[in-house]
Each structure stands twice: as structure tokens, then as C-alpha cells.
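Chemist: I have a structure I would like to understand better, so I am pasting it below and will then ask my questions one at a time.
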Protein chains: 6
Amino acid sequence: MTELGIVKRNIQRADQAATERLTKLGSATVHEAMGRVGLLKPYIRPIYPGAHIAGTAVTVLLQPGDNWMFHVAAEQIQPGDVVIAGVTAECTDGYFGDLLATSFQAQGARGLIIDAGVRDIKELHAMNFPVWSKAISSKGTIKATLGSVNIPIVCAGAMVNPGDVIVADDDGVVVVPSAWAEKTADAAEKRESFEGEKRARFAAGELGLDMYNMREPLAKAGLKYID
Amino acid sequence: MTELGIVKRNIQRADQAATERLTKLGSATVHEAMGRVGLLKPYIRPIYPGAHIAGTAVTVLLQPGDNWMFHVAAEQIQPGDVVIAGVTAECTDGYFGDLLATSFQAQGARGLIIDAGVRDIKELHAMNFPVWSKAISSKGTIKATLGSVNIPIVCAGAMVNPGDVIVADDDGVVVVPSAWAEKTADAAEKRESFEGEKRARFAAGELGLDMYNMREPLAKAGLKYID
Amino acid sequence: MTELGIVKRNIQRADQAATERLTKLGSATVHEAMGRVGLLKPYIRPIYPGAHIAGTAVTVLLQPGDNWMFHVAAEQIQPGDVVIAGVTAECTDGYFGDLLATSFQAQGARGLIIDAGVRDIKELHAMNFPVWSKAISSKGTIKATLGSVNIPIVCAGAMVNPGDVIVADDDGVVVVPSAWAEKTADAAEKRESFEGEKRARFAAGELGLDMYNMREPLAKAGLKYID
Amino acid sequence: MTELGIVKRNIQRADQAATERLTKLGSATVHEAMGRVGLLKPYIRPIYPGAHIAGTAVTVLLQPGDNWMFHVAAEQIQPGDVVIAGVTAECTDGYFGDLLATSFQAQGARGLIIDAGVRDIKELHAMNFPVWSKAISSKGTIKATLGSVNIPIVCAGAMVNPGDVIVADDDGVVVVPSAWAEKTADAAEKRESFEGEKRARFAAGELGLDMYNMREPLAKAGLKYID
Amino acid sequence: MTELGIVKRNIQRADQAATERLTKLGSATVHEAMGRVGLLKPYIRPIYPGAHIAGTAVTVLLQPGDNWMFHVAAEQIQPGDVVIAGVTAECTDGYFGDLLATSFQAQGARGLIIDAGVRDIKELHAMNFPVWSKAISSKGTIKATLGSVNIPIVCAGAMVNPGDVIVADDDGVVVVPSAWAEKTADAAEKRESFEGEKRARFAAGELGLDMYNMREPLAKAGLKYID
Amino acid sequence: MTELGIVKRNIQRADQAATERLTKLGSATVHEAMGRVGLLKPYIRPIYPGAHIAGTAVTVLLQPGDNWMFHVAAEQIQPGDVVIAGVTAECTDGYFGDLLATSFQAQGARGLIIDAGVRDIKELHAMNFPVWSKAISSKGTIKATLGSVNIPIVCAGAMVNPGDVIVADDDGVVVVPSAWAEKTADAAEKRESFEGEKRARFAAGELGLDMYNMREPLAKAGLKYID
């Protein structure tokens, strides 16, 4: 239930070792390894290219045009966390800038995912605090209405529970339920391990048609070559 | 957790009496009464005007372009239910038409909410089976990949648990957590009861400025009248 | 200048006779007659088909998620006015419903144009109070922050001054500056007067190519017929 | 090749009998019967509900903000045709209104599909001339630049050749290549013929799970029922 | 009034000293300092990151697909100006490229804001002429229809008068009415001056909850901490 | 006709010399030189700035969420080709990543244009394989349904035939029909050759008003200067 005015202090963070393993993997590999669930909609984009993080979720439910809960959330951050925020209605305001980023970074946060807007883009880049957002906007927010911290939220179409692992890079953002962190890391690493050999074979000119034995199933499906 | 390949058979439906009371109330009143959470994004629109339903949620998680789970869901429908469906990725395909509607209606469903497309609009209207959807599309779907039925889902930005009450009308769609059904019905009916008197006073020409004693707070906030 | 916290009481309404003449003309004809300026963006749509109004503008500048100024505006309405509202940031909330509509109608307003959302669609239709809006949403608004009434505003990309004539029908919404009301009515009526004869000739099978003598300019422009 | 300034006079219209058979079938059924190609994007919507047409395509390539070619196209219309228009760039202008509709109808056109805007909605409805469009807009167009008539065009993501069959109803718009008209009518009628029996069985409470023998493939795919 | 075919030569530019002071401030700070009005919608984005300008507005009203007025505007540019352009209808065409940029830069313009598209992105970056636009498009424009220069315009939802100060950076674009330039510079500098100390305290680990004394108002609003 | 399950092996590629000449020209210049047809919609954007390619089209028709045909297409690539892909329905999935890029690059492809999503952005940049796409998404695709290779396709609103020249840079993507390659190269080079002199004159402060003799036509059109 989306209850307002709640801060949950003790949350069950995903296994730390599994989280660190996921930090080395890309969002695409992790998404595949999970069976293709948990992806945020692709309108969520990094504010600058090249960032790549993973960490445990501190969730924030925001009200439209109001970033009060970010200050409440700051106190709940532990080193290695990623803050992830949904809003109760669509909003593109700039909820977050360099001051809050300084605070979050000082508490140990690795980045922010927000289904709304941010500002101070240049400063956030300079201080190396990555954000994935729906919009960039100069418009600030007020501090007047309660949301919640560390309750289950919806962010860009994905359900997030506090303590889940968030993996974010240039390709997008994936949520790994905390109970699945280890098995997902296992599966993702396994996928990754096969890639080097395949890349070499592709680079040498071998075709996927042959590497994956696709010619027969394609013919069965009815593919016709014409000249 | 968004687990695939699961059908939960025994779900805790919201209190029936409370559900029937909510059926008589509009989505706007219910949303206010809940403290302004639980609203689906306004891109979800009724396929024809004038429908107004409430019922207990049978949730469906669909794969893009695949409506297999709707047949699985049909068996889980009880009279008074509303089927509500999310998709693991954005899709506008026409997942649902008059045949499935005939099946759902025969099982007792009052309507469908879907974060994707539907088709057979004219037939659905004729048979009085209301649908709220993101799109209308002739494009059909296949039956190849598992989703789930009666797990927690995200639909148009809102979290839905099986058994929650869904209230839908021309203004939009609201999700009332099953545990809140009674208190929400209480609060919503109370709001509603005040409306008749207010409407009469407005119709007689009284201003909201006076009815709600707004002149003083407006002046305090700094409102200036100029000529 | 977009100043907040201002209500202008004495506005110069467009000539009443010209306004009534414009009431009989469609938005498309009026837009042409003005030289193709003054049109609101086409995402502004009527909440039900068939409404057609014209009236003098009472302008409202709203804050996101806050409809306080509508109550202030109600007192400024005179019979024959149309209320037109912009917002300082993008918002789809349902700012306006049947209670406010009862108040506006009692004061003599002919309709509402709003660059945001409305609700109580069914009731607004039943009471015959037309609205052109960007969205329909159950989400209500608060009353906490000042906007302004009867200052120049931007609504859906168009500049509106208090007292301008607003013409709205199924095709869209056009703003006629008050100083242009008469000459626009003249020009629009003239355009309209030619239409009947043209319609008859088209219905009889005459081609626009001949009626407008287009064959020569088309040939000059290089049009080639092939078989 | 998208050549400008061309009018092709003699086009090969699809077989008339096949076209009439397709007129009785819905866009969804026809799209399935064709193997799921040929559908216009679902942002193309009818301007009023309930229209259902099929006819042979007269194609028009328009320039942005310029409807000159519609007058050229009018001369190429034969009874039973549907005019379908693409634009060389995105545009929402109101290219078409009641005068042109009178002309098209007089020449025998059954309707218009346009990847842009139209106006005079109320009049088009009154005269029963259906249009499927991307937008509704009061904004008119000029007559200054050449496009083409009866060349291959792209409309809302679909390729259309002159003479193809266009099927349009409340669910969307489908293009049937003229060479495929008969076999598509065959396949679509066959699909349709099965529907009555299925509908009766669904109405009697039979489940799709049983009607389509889905229980075994679902179990094989790994579907788990829990309580 | 949006009059076409007008060029105003003598415009009242904002105070030069105030403009230079605003050049050193970000769009977010300036927007706050103005009381949160004057912001362009966030779909207006810089074509390359890192640019930051302020200057006095030369306004241009363009017709869709027609950039004739840019040549007229070039003559009205004075060193320190920023050109800002609206369009009478939605358009994404590439109105502006490296040749016009060379001309504008030679006349002393600091950049361009346009509610449409631009092209020659690579060249504009190389010559350090920043543009904030709605789109990037190879599609050129013609020179056939009159707009206006230095009349009041609407650009991306904001009203702009010639001579206003435009502040643009990676976060967005803000319009400061010329009469407000000084007081806005005062207020913005004051806001800015507090930021350094706050940043240091956040970096040292102090929480906003304590720095801004939020704990009591949060408790009063009903915030509950649970474990 | 959009036929599924077809691979055309022998396609007529555009003249190689003309293609190489077009490689040196920008998409904007080429689009003008062709008479303003053939442009992909501007939502197609490069995944990293600065890439600029031209090559002969290998076309791919994809099914939603299915990239099987890319492996079939790889075998049809010849050095100097550009792969260009449309989808039978709207989709933002990540169809293409670094493994397929390695394969395409090994076969001699210069880049990819896709009316859907891609992933492995960082790796694609590092290996210098440019892509122009509608979206970026971690979501992978399956290999289950046939599309076609080297048939006429629609990509982002443009018709593409196999063998056409594709020109892509930071401004967008243009399709040059193979039969037009030479004359387009001629016309584009001619346009380009005039630019250097104009740039120098603009840089020296000459106005377009004078350079293009616009003062008289502007006056004729009715332009009025006021002070």
C-alpha cells in the first residue's frame, strides 16, 4: 500500500557481495539474467554519458513539485545505497540539484534515479554524482507535503522495494529484488563469460547464422532466399 | 517481486459491501478520500463515454504482444471482479476484443483496465463491456510467453494488488487497497454528502470566496486587487 | 509581465455586438480571417463533442496543482465571459469539476478553456458547461499559492489578454484580440458568405481545379500527368 | 521513389468484388488475415465513432501546411475510392474540411485517411464523410507547392500503393496490397466464420483454456498455480 | 497582439549592468529569484552541453517552415543580444544553421533560443554558437511568408518581450522582464551567496533536516518513523 | 508489398563513386539537393555525437521484440553498406548491441539506422560503430518470428529500397534513391561550393537582407518597420 507520511528505518538491504558483483555488470545483461522483468521505462536517461553504478535502494515517494522527502531520505542513506524516487503524479520539476547531491554523496549514496526532473546538471557532472531522470528542468520545488521513505514505490513503471539492487548505466536502469541478488549475479556473470569468445568469432567474420545454428530453424519457419 | 509464470488462486478480495458502496462513488471523490494516492496516469481513457464501474481486482501481468495470460485469468474471475493488466514493456497492441470480453463477462467481470491497446471497440460498446486502455489498435497478439495472474503489478504508474478495489469512470481509474476499502468508502461518502448543498449555494450565485472564507487568507497571501 | 498575486477588476471587454457575431462563426473561419494567428495548440480538445461558444476572456494564471485562483476568478465573471486559464508549469491535474462549473455558470460564464486537466466530465456534459482542456484527470488540486486573474497569460502556446474574444468549437480554440473583434467578424462573415455557393458547385461535381482556376498555375509549377 | 510533381492517372485498382467483400470485414480481422503487416500506427483515429469503410486507394503526397494536391486528387477519384494522404514532414494542420469533403463525396470517395489534421468535424459528421486523422485543427493550409498523386506513399508508418484496398473502422486502418485483395478476403472471411461459434461457447461459460487446449502448453511452459 | 509583418527597431533593452550580473548566474537560481515564473518548458534543450549565456532578447515570430524573418532579425541584433524565436504553429524543421549563425555571431548575438528545430549541429558547436531548441532536423525552410521581429512572442510556453533578459544554461531557459532585471539580479546573487556555506556543511555530513530545522514541521505534518 | 519471410540476395546498389561523394556531404545539404524528400523523422537520433556516414542500404524488416532478421541480414552485408531497419509495429526494445555490431562491422557495415531501440551504447561508441535510433533500452529481444531482408521498407516515415544511399550525421538521416545518387551528389556539391564565400561575407558583417536582395520582396510582402 502506498501509505504517505511513513519512514521505514530498518530495511533489509540486498547481500553486499552480490551487490558488488552486480556493479560490474551492465543493465542489459542483468535484465536478461532476471528473465526480462524489472526494467524502468526507457524515457529514464542519464544526465551525462558514461556513468555506471549499482547499489541498494533507498526508496522515496515524492509529491508533485515537492522535494521535502529528499531531506528525510538523506538520513536513511548508508554507504553503497542508490536513492530511487517516484512521484504520486507526473511532474518534470527539478527536484534535485548540487546541494542535495553534496548531502547524498556525503552520506555515501552512489547516485539517484528519479521519475521527474533534476537541475544543476553541470555541477552534478563535475562532482561525479550520476543521476538518471525523466527530465532536466530549472524549476525548483517546495517543501510542504509528506511523501514517504523506504516504502514500496513505482518508478518509471517498475516496482521497487527498499533494499533492492539498482543497476544503472548508459543503457538504462534495472531493479533486482534483494532476494534475487545472488542468483541474478550468478546468471549474469555466466552470460557475460560467454561474450568474449563470441565477440572474437564475430570479429573474425563468422556469422550468427552459423554460430547459433539458425539456418535450419529459419528454413523451417519458411524463410525464402530469392535472387 | 514481479515473478513470471505464477497464478495465485486464492486472493483476499476487498470487503464486498464496501466495494458496492464504492461503486456508487466517482473516481475523483474516491481519490480525494484516499489522500490522493492510487490514481492511474491520465493517459488511461475509457473506450466509450459514460461507463462507471467498481470491482475487485484480478491482476494480470502480460508480456509485450502476448495475451496468453488473459485466458489464464478468465478462470480466476469471480462475479464482481474487474480485470486489470500491466505489461512488462510498453506496448499498444490490441490485446483484447469481443471474444475475450464475452468470456470475461460470462465469468462475471465488470470491465477491464489495461496499460496497452484493445480492439473491437464497437462490439465492446454494444455488449456493454467497458474498457479503460492506453490505446486502440487492430493489431492482435500471440500466445507464447508466460506472465502471471494475481501477483502485485504496476498498471499505468499505479501499484495494484489482487483483491484491491478498482473504481473507474469517465474521469479516470483509482486503486483502493483492499484493507482501505471501508474507510475510503466512509470518507468518500462523507465528501459526497456535502456536495449537494454546496451546489445549490453556487447555483444561487454565492461565491466560493465567501462560502469557503477565502478572502482573508488570500489577502494574507498578498493578493492585490487593481482597477 | 507575468506578475503573481494580481487581480485586475476593470478590464476592457471586446465589443459585445462583434462578440455575438463571432459566436456564430467557427474557429477555423475566424482563424483564417485573422491571418492565421491566435490559435491554441491542437492538443486542447473539447471534453464532449458539439459545443460551440464565443465570449470575452477572463484570464487566470494558475500554479501547478492549485486551483485557488478559480474562486477569485468567479467573482470577476460577467455574463458572456469565457474563462481561460494557463499554468506556470505543465500539469494534467483535474483543476475544475461540477461545483466550480455551477458557480461559473451562475455568474454567466459560457465555458472554460484550460491548459491542464478537468474532471466530472459526465456532470459537466449533463449541465451543458463546455470545457476545452489538455487532459481529463480525477486528480484534484489544492488552494495554497497565488496566481493572478485578468493579466496577460499564455494558454497552449497562445497569448491571451483579458477581454479578448475566445471562439471555441469542435475544431479548436482561437483568441481574437479585443481591438480586432469587429474587423475579424467582418472578414470571417465575408469568408463564410462565399461557402454556400462553393458547396453547391462542389456537390454538383465541379472540381476545385476548375472552380479556382488551378490548372494553369499547377502546370507552371511543373505538375506532370502520366498514364 | 518519392517523386514530386507527378499525377498518375491510370492506376490498377484492386479487384472490385474482393474490395466489396473486405468492406464487410473489420480492420482487426483483415490485419490478422494478412499475416500482421500493413497496419497504420494507432495514433490515426476516426474523427467520429462508428464509421466503417473499405475502398481502393487514391494516394496523395502532401507538403507540410499545403493542401493543393487534394484538388488535383479530386479529379482522380472514382466511385468506391478512399483517399489516403501522407506528408513529407510532420504536420498537424487542418488540411481538409467540409468543402473538400463535398467535392470528394461528389466524385464518389468513401472517406479520407490523413497523416495530419482535419477540421469542420461537426460538418463532416453531419454529411457522413468519415475521416481518420492524426489531429484535429482549425489551422488551414495554403496552395503553393507541388506534391504528387497516385505514387507510392508512406502514411502513418505504412507503405501504400495506389489501388490498394484500405479498410478502416473504429479499431484502425489497414492497407491490403491490391494483388492480395482476394486471398486476404478469403482468409479473413474464414477467420470470421469461426467467431460465432466461439462467442456462443464463451458466453456459455466455457474457458479459452479448454476451448483452445491451453492447459498442457501452459504447464509445459512452466506455469505454476499457488493458493 | 501578435501582429504579422512588423519590425520594431527601437527596443528598450534591459539594463546592461544587470544583464551582465545575470550572465554569471544559473537559470535555476534566476528562476527561483523571480518567484518561479518565466521558465520555458523543459523540452527546450541545448544542442551541446556546457553553454551558459545571458543577453537581451531580440524576438522573432516565425511562420511554420519559413525562416525569412531570421534575416530581418539579423539587422536588429546588437552586441550582447540573444535571439529568441516562436512559431505560429508547431514545427520541428531546421530553421537555422551555420551560415545564419555566422551572420548572427558577426552582429554580436550570444546565442539562439528557438521553439522549433536547428541543423548543422557539429558546425554550431565548433564555432561556439550555442542554441537551445525543441528539435534537431536536417529539414530546411523557405523564405516566403512574413512574421515579425521585436514584438511580444510566446516561446515554449513563456511570454517574451523584446529587450527582456534571457538566461540559458544546461538546466533550461528563463526570461527576466527587463523592468525586473536589477531586482532579479539582486535576489539571485543573494540566493547564490548562501550556497557556498551550505555546500560545505552538507559535505561535512550535516543533514538538511537539521540545517533547515525540518524535524519539527515534519513531525507536525504527521511523519512517522517505523522500524 | 511488405512480404514476410523473404531475403533478396542480389540487390542493385547505388553507384559506388556517387556514394563516396555523398559521404562527404551533410544530411541537410543532401536533403535540400533532393528537393526535400527522403528525410527520416527527427526522432531518429545518433547514440553519440560526431558520427557521419554514407553507404548503400541493406534493408531489414523486423518484428516487434524480435531481432532474428539481423543475423540473416549480416550475411547480406557488403563493405560500404549501411543497415537500415523498420519494425512492423512500434517498439523501443534494444534490438542491437556490441556483439551484433562486431559482426556487422566485420562484414563491412558502416553503421545502423533503426526505428526502435539499441543497447551497449558505451561499447558501440568505443568500437566506433555509429547507430541512429529511436530509443536506447536495456531490453533484449528474442529470435522467433520471420521478417524480411532487402525488401522495400518504411523506416521512421521514409520509404527505403535496398541499395539506396543512406546519409547520416548529427543533423539526421536522409535516403537517396539509388537512381538519384549521381544527380543528387552533383546538386549537393554545387550547393556546398557556394557556402564558403557566403560564410566569409556573413562573418564580415554583410547581412542576408543585402546578400540575397531580400529588402524589396520583403517590402512587397508588406513588411513595416516601426520605431
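The values are calculated or read from the model by the stated rules, or taken from the named source; none is laboratory data. This is a predicted model, so every value here is computed, not measured. When we count neighbours, we look across all protein chains shown, and the Cβ atoms used for this are built from the backbone with ideal geometry, even at glycine. These area figures cover heavy atoms from the full protein model, side chains too; ligands, DNA and RNA do not enter into them. Shrake-Rupley method; radii C 1.70, N 1.55, O 1.52, S 1.80 Å.
Chemist: Near the amide H of E:F96, under 5 Å away, which other amide H atoms are found, from residues 5 or more places off or on another chain, if H is placed in the peptide plane?
Modeler: Distant-sequence amide H within range of E:F96: E:R119.
Chemist: Could you give the dipole magnitude of the stretch E:62-171 about its Cα centre, charging the beta-carbon of Lys and Arg +1 and that of Asp and Glu -1, in debye to the nearest 20?
Modeler: 240 debye
Chemist: Determine the percent antiparallel among the DSSP beta bridges restricted to the stretch C:28-163, to the nearest 5. Display every interim value, and only then the final one.
Modeler: Values: 8 of 25 bridges.
Around 30 percent antiparallel, to the nearest 5.
Chemist: Residue-wise, which Karplus ³J(HN,Hα) couplings in Hz belong to the stretch D:205-213, taking 6.51 cos²θ - 1.76 cosθ + 1.60, θ = phi - 60°, and x for glycine or proline?
Modeler: Result, ordered by residue: x, 5, 9, x, 3, 8, 4, 9, 6 Hz.
Chemist: With a cap of 16 neighbouring Cβ atoms within 10 Å, and only residues DSSP puts in a loop, list the GluC sites (Glu not before Pro) found in the stretch A:128-216.
Modeler: Hits after loop and neighbour filter: A:E206.
Chemist: For the stretch A:29-98 and the stretch B:166-227, write down the distance between their C-alpha centroids in whole Å.
Modeler: About 33 Å separates the Cα centre of the stretch A:29-98 from the one of the stretch B:166-227.
Chemist: Sequence-distant or interchain residues sharing an amide H contact under 5 Å with E:A158, placed H: which?
Modeler: It is E:K41, by chain and number.
Chemist: If you average the sequence gap of Cα pairs under 8 Å that are 6 or more apart and divide by the length of chain A, what percent do you get for the contact order? Don't skip to the answer; put the middle values down first.
Modeler: On the way: 489 pairs, mean separation 68.5, N = 227.
Once divided by the residue count of chain A, the mean separation gives 30 percent.
Chemist: Please report, in whole Å, how far the alpha carbons of the stretch D:9-99 spread along each principal axis, starting with the longest.
Modeler: Rounded to whole Å, the extents work out to 36, 31, 24 Å.
Chemist: Each residue of the stretch F:66-79 in order: what ³J(HN,Hα) in whole Hz does its phi give by Karplus 6.51 cos²θ - 1.76 cosθ + 1.60, θ = phi - 60°, with x for Gly and Pro?
Modeler: Those phi angles translate into 9, 10, 3, 5, 5, 5, 5, 5, 3, 5, 8, 6, 10, x Hz.
Chemist: Please report the antiparallel percentage of DSSP beta bridges with both residues in chain D, rounded to the nearest 5.
Modeler: Once the DSSP bridges in chain D are tallied, antiparallel ones form about 50 percent.
Chemist: Please state, to two decimals, what the Cα-based radius of gyration of the stretch F:136-227 comes to when divided by 2.2 N^0.38 Å (N = residues).
Modeler: On the way: Rg = 22.4 Å, N = 92, 2.2 N^0.38 = 12.3 Å.
The reported ratio for this selection is 1.82.
Chemist: Heavy-atom accessible surface, probe 1.4 Å, ligands and DNA/RNA ignored: which residues of the stretch C:126-142 lose at least 10 Å² versus the isolated chain?
Modeler: The answer is C:I136, C:S137, C:S138, C:K139, C:G140, C:T141, C:I142.
Chemist: Non-local amide H neighbours of D:V7 (under 5 Å, H modeled in plane, Pro and chain starts lacking H): which ones?
Modeler: C:K224, C:Y225, C:I226, D:V149
Chemist: On to the next question. Calculate the FRET efficiency for A:M127 and C:K183 from the Cβ-Cβ distance with a Förster distance of 51 Å, rounded to the nearest 0.05.
Modeler: Numbers: r = 59 Å, r/R0 = 1.15.
The formula returns an efficiency of 0.30 here.
Chemist: Can you list the HN-Hα couplings for the stretch E:58-64, worked out from phi with the Karplus curve (6.51, -1.76, 1.60; θ = phi - 60°), rounded to whole Hz and with x for Gly and Pro?
Modeler: Coupling constants for the stretch E:58-64: 9, 8, 9, 9, 9, 8, x Hz.
Chemist: Compute the relative contact order of the stretch D:112-227 as a whole-number percentage, counting only Cα pairs closer than 8 Å that sit 6 or more residues apart in sequence.
Modeler: For the stretch D:112-227, the relative contact order is 13 percent.
Chemist: Now for a different question. Express the accessible area of the stretch D:70-227 per residue in Å², computed with a 1.4 Å probe while the remaining protein chains stay in the model.
Modeler: 34 Å²
Chemist: Further question on the same structure: Please check which bits of the stretch F:141-175 a label hung off F:E20 would reach, taking the label as a point 7 Å along Cα-to-C-beta and the cut-off as backbone N under 15 Å.
Modeler: No residues fall inside that zone.
Chemist: With a 10 Å cut-off between alpha carbons and a GNM built on chain D, which of D:I114, D:I142, D:I44 moves the most?
Modeler: D:I142
Chemist: Compute the accessible area of each residue in the stretch B:183-206 twice, once for its chain alone and once with every protein chain present, using a 1.4 Å probe on heavy atoms, and list those whose area falls by at least 40 Å².
Modeler: Buried by the other chains: B:R199, B:F202.
Chemist: Leaving out ligands, DNA and RNA, calculate the buried accessible area for the pair B and D with a 1.4 Å probe, summed over both sides, in Å² to the nearest 100.
Modeler: So the buried area, both faces added, is about 3100 Å².
Chemist: Leaving out ligands, DNA and RNA, and with a 1.4 Å probe, what % of the accessible surface on the protein assembly as shown is carbon or sulfur?
Modeler: After summing per-atom areas, the C and S share lands at 49 percent.
Chemist: Give, ordered by residue number, each residue of the stretch E:18-39 whose 1.4 Å probe accessible area is reduced by a minimum of 20 Å² on adding the remaining protein chains to the chain alone.
Modeler: Buried on complex formation: E:A28, E:H31, E:E32, E:R36, E:V37, E:L39.
Chemist: So for chain C, Kirkwood radius off the Cα pairs, Stokes-Einstein at 10 °C and 1.306 mPa s: how many µm² s⁻¹?
Modeler: Reported coefficient: 85 µm²/s.
Chemist: Another question, if that's okay. Can you tell me the dipole magnitude for the stretch A:6-83 around its Cα centre, using point charges on the Cβ only (Lys, Arg +1; Asp, Glu -1), in Debye to the nearest 20?
Modeler: 180 debye
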